[in-house]
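The values are calculated or read from the model by the stated rules, or taken from the named source; none is laboratory data. If you're wondering where the values come from, they're calculated on a predicted model, not measured in any experiment. Note: ideal-geometry Cβ built from the backbone for every residue, glycine included; neighbour counts use all protein chains shown. Protein only, heavy atoms only, side chains kept; ligands, DNA and RNA dropped before computing areas. Shrake-Rupley method; radii C 1.70, N 1.55, O 1.52, S 1.80 Å.
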Amino acid sequence: MPEKAIRTRRVAELVQAEISRLLIAEFQDAASGLLTVTRVEMTPDLLTARVFLSIFGPGDPAALLGRLEKGKGSIRRTLASRIKLKYNP
């Protein structure tokens, strides 16, 4: 396996763990249901991350996704402060 593929996978796992912690702390509550980060895919240059979520529970998934979309900047800033990378995905 090439070195870049290994690094991409490791950074994706790190981003997934930190986003999971962040979403539990800030966005998950009893009314919204269970929010889970199922997978994170990184581009080979590590500049872009695609995050896959699953939502289970009685709450409205569209409302929760709207809250996540509004808080996207805050999520990026918090992620950048927790993960020390050259570029913030």
From phi via Karplus (6.51, -1.76, 1.60), per-residue ³J(HN,Hα) for region 40-56 in Hz, x at Gly/Pro: 10, 10, 10, 6, x, 8, 6, 8, 10, 10, 10, 9, 9, 10, 10, 10, 10
Can you list residues from other chains, or at least 5 along the same chain, whose modelled amide H is less than 5 Å from the amide H of GLY33? GLY59
Whenever you get a sec, line up GLU26, GLU69, GLU18 from highest to lowest accessible area (probe 1.4 Å, protein heavy atoms). GLU69, GLU26, GLU18
Mind jotting down the three principal axis lengths of the chain based on Cα atoms? Whole angstrom, largest first. 44, 25, 17
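Work out the FRET efficiency for ARG9 and GLU69 from their Cβ-Cβ distance, taking R0 = 35 Å, and round it to the nearest 0.05.
0.85
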For the Cα atoms of the chain, what angle does the longest principal axis make with the long axis of helix 72-82, in degrees from 0 to 90, nearest 10? 50
According to a simple spin-label model (label point 7 Å from Cα along Cα-to-Cβ), what is the distance in nm between ARG21 and ALA80? 1.9
In degrees, nearest ten, helix 61-70 long axis to first principal axis of the chain (Cα): 50
